[in-house]
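Data block below; observations after.
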Amino acid sequence: MTLHAVPSPAAIAPAVAVTGLHRAYGSRVVIENLNLRIERGEFVVLLGESGCGKTTLLRALAGLDAIDGGRITAPRRPAVVFQEHRLLPWDSLWRNVSLGLNATDARQRAATALTEVGLGGRLDDWPRNLSGGQAQRVALARALVQEPELLLLDEPFAALDALTRIRMHDLVRELVAVHRPGVLLVTHDVDEAIALADRILVMREGRIAFEHRMKRNGAAPIARTDLLAELGVGTSHPIPA
Amino acid sequence: MLLLSWLAPVVLLIVWELLAQAGWLSPQVLPAPSKVVRTAFKLATSGSLLNDLGASLLRATAGFAIGGSVGFALGILVGFSRIAEAAIDRSIQMIRAIPFLAALPLVIVWLGVGEAQKIFLVALGVAFPIYINTTLGIRQVDPKLLELGRVQGLGTLELIRRVILPGALPSILTGVRYALATAWLALVVAETIGAQSGIGFLAMDAREFLRTDVIVLTIAIYALIGVAADGIARTLERRLLAWHPNYGSAR
Ligand SMILES: Nc1ncnc2c1ncn2[C@@H]1O[C@H](COP(=O)(O)OP(=O)(O)OP(=O)(O)O)[C@@H](O)[C@H]1O
Ligand SMILES: [Mg+2]
């Protein structure tokens, strides 16, 4: 171990680094001079009121939209889980999970991934036979089977009921601990953020306006009300203009 | 329920048979069903019926294959390329506005009344529904799934194979069903003019000799083939669209 203590360049490189990002729709500026760095294995949760540009940022990181300025450095194609599962209805579950996987053992790897999300027995089932939570688990398996260094999640549990959502939290935590990608999760759910994040970001007016690093063991965790205040909810705390 | 649904047609046939037997229906107007069946048997054993049937099926298949390929190829082209759409879609839509049977006299001037004219007419009738439903199907593929394909790193060909064509398939198969119906219509019309073989020729020949039994037989054969073609289309849909809630067997 000690002989190999010098970290390789790949190990230092972050999962994603963003500097001076700009994005506008016409004359409407949505992201302005935004900086962000996510390490490998780090779980970052992004909060922010509706329409503040969270999805815009995530899509830019995913390479789905053009950017109007700044730099995004992502080592490899990131995996994305959307709010809707986006499973191909004409493909069986394992075919869905292995979509884009160029490997001879695609089925085997899809099977492993489906087992990880608790659907190992349903390789040949159709997506339409799944519940919402199950479909979202398959979408998660499809993202993780790519072994991404960066995992982008845009409100992936928003459509699920509260109980299923809590189960999904446990599942995501376990899977991220095993695969260790850098994670950016967009959510509206403050409790979800507190439950999952290593670091919580609040976006406002096109940039990161607030950042809190969670100290999991010991140290005071952030109060829920403080976070809500940052989001401008249930407080007299004025939002800086 | 199945039994009940067959009751009315069977009763109708029996009544028809009885009326004919009793002499209330002149055989010149409408021959008894039993007579038609006997005629069918006679023609089948003499070999001419099977020859004519074969000739008709061959024309239909050839016309369908040609018209279907052309329609599908153009549909793919226009579905994928805005340039191709701008260049040819309006022309195709304008030609489509003509009932294709209205083009028959022109087709006869061009191609005479041989095989080419018949196959061309079938192909013409088939190409449009296939073309329209192919472009429509491609246009209707969920953009969110296309985006997902890109996120998963699919190349253009893979995207077409894994996302676009499967997504367009329900629409394409609907086109196939329409095309089968128009193919028959085209064939019936084409074969009544200057044919030397085929079911339509059989009917026209029988008309000369007032053989209503043969005429009724040809009508029945057209109907049966139509039903069979529809059955094939349905089977295709059930097989290829097993995943689809509206078509799959397991609802
Ligand atoms: N295609 C587009 N064209 C024009 N404006 C857009 C487009 N997409 C998003 N916007 C605008 O950009 C802003 C940010 O949108 P975005 O979807 O990133 O918000 P969000 O933070 O994800 O919101 P939510 O929490 O409701 O999902 C919004 O004001 C929205 O109206
Ligand atoms: Mg959003």
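Among the residues of the range B:74-110, those identified as over 30 Å from B:T156 (Cβ atoms) and open to solvent by less than 70 Å² (accessible area, probe 1.4 Å) are B:F100, B:L101, B:A102, B:A103, B:L104, B:V107, B:I108.
The set of residues in the range A:52-67 that are near ligand 1 (Cβ under 8 Å from one of its atoms) and away from every other protein chain (no Cβ under 14 Å) comprises A:C52, A:G53, A:K54, A:T56, A:L57. Of all residue pairs spaced 6 or more apart or on separate chains, those with beta-carbon atoms under 7 Å, a first member in the range B:58-87 that is of a type in the set (D, E) and a second member that is modelled with pLDDT under 95 are B:E85/B:V78.
Scanning the range B:46-57 for residues that are surrounded by 15 or more Cβ atoms within 10 Å (Cβ to Cβ) and not charged (D, E, K, R) yields B:L49, B:L53, B:A55, B:S56. Here the helices (runs of 4 or more DSSP H) wholly within the range B:100-179 that include at least 2 residues being touching a residue at least 60 places away in the same chain (Cβ under 8 Å) and within 17 Å of the chain's Cα centre (by Cα) are B:115-139.
The single residue among A:G70, A:G132 that is touching a Gly at 6+ places or on another chain (Cβ under 6 Å) and more than 9 Å from chain B (Cβ to nearest Cβ) turns out to be A:G70. For the range A:34-51, residues that are open to solvent by 20 Å² or more (accessible area, probe 1.4 Å) and within 16 Å of ligand 1 (Cβ to nearest atom) total 3. Answer yes or no: is there a residue in the range B:240-247 that is of a type in the set (A, V, I, L, M), under 23 Å from the mean Cα position of the chain (by Cα) and more than 14 Å from every other protein chain (Cβ to nearest Cβ). No; the residues of the range B:240-247 include none that is of a type in the set (A, V, I, L, M), under 23 Å from the mean Cα position of the chain (by Cα) and more than 14 Å from every other protein chain (Cβ to nearest Cβ). The numbered conditions (1) of a type outside the set (V, I, T); (2) touching a residue at least 60 places away in the same chain (Cβ under 8 Å); (3) in a helix (DSSP H, G or I) are all true for B:P31 except (3). When A:A74, A:A17, A:A66, A:A24 are screened for being free of Cβ contacts under 8 Å to residues at least 24 places away in the same chain, on the phi < 0 side of the Ramachandran plot, open to solvent by 10 Å² or more (accessible area, probe 1.4 Å) and of a type outside the set (S, T, Y), only A:A66 passes. Can you find even one residue in the range A:160-176 that is at pLDDT 90 or above, open to solvent by 20 Å² or more (accessible area, probe 1.4 Å) and within 14 Å of chain B (Cβ to nearest Cβ)? Looking through the range A:160-176, none of the residues is at pLDDT 90 or above, open to solvent by 20 Å² or more (accessible area, probe 1.4 Å) and within 14 Å of chain B (Cβ to nearest Cβ). If you filter the range A:143-159 down to residues that are away from ligand 1 (no atom under 16 Å from the Cβ) and either more than 14 Å from chain B (Cβ to nearest Cβ) or of a type in the set (D, E) (or both), you find that the one that is least open to solvent (accessible area, probe 1.4 Å) is A:E149. Based on this model, can you work out whether A:V80 counts as in contact with a Gly (Cβ under 9 Å, 6 or more places away or on another chain) and either in a strand (DSSP E or B) or touching a residue at least 12 places away in the same chain (Cβ under 8 Å) (or both)? No; evaluated as a whole, the condition is false for this residue.
Summed over the range B:198-215, the residues that are within 28 Å of B:G114 (Cβ to Cβ) and either open to solvent by less than 40 Å² (accessible area, probe 1.4 Å) or within 14 Å of chain A (Cβ to nearest Cβ) (or both) give a count of 7. The condition (being open to solvent by less than 10 Å² (accessible area, probe 1.4 Å) and of a type in the set (A, V, I, L, M)) is satisfied by just one residue among B:A223, B:A168, B:A229: B:A168.
For the range A:99-207, the helices (runs of 4 or more DSSP H) that sit wholly inside it and include 3 or more residues that are outside the structural domain of A:L36 (by TED's automatic domain parsing) and either without any contact (Cβ under 8 Å) to a residue 60 or more places away in the chain or under 18 Å from the mean Cα position of the chain (by Cα) (or both) are A:106-116, A:132-144.
The values are calculated or read from the model by the stated rules, or taken from the named source; none is laboratory data. Quantities reported herein were computed from a predicted structural model and do not represent experimental measurements. Quick reminder, even Gly has a Cβ in these numbers, built from the backbone with ideal geometry, and neighbours come from all protein chains shown. In case anyone asks, the SASA skips ligands and DNA or RNA and just uses the protein heavy atoms, side chains included. Shrake-Rupley method; radii C 1.70, N 1.55, O 1.52, S 1.80 Å.
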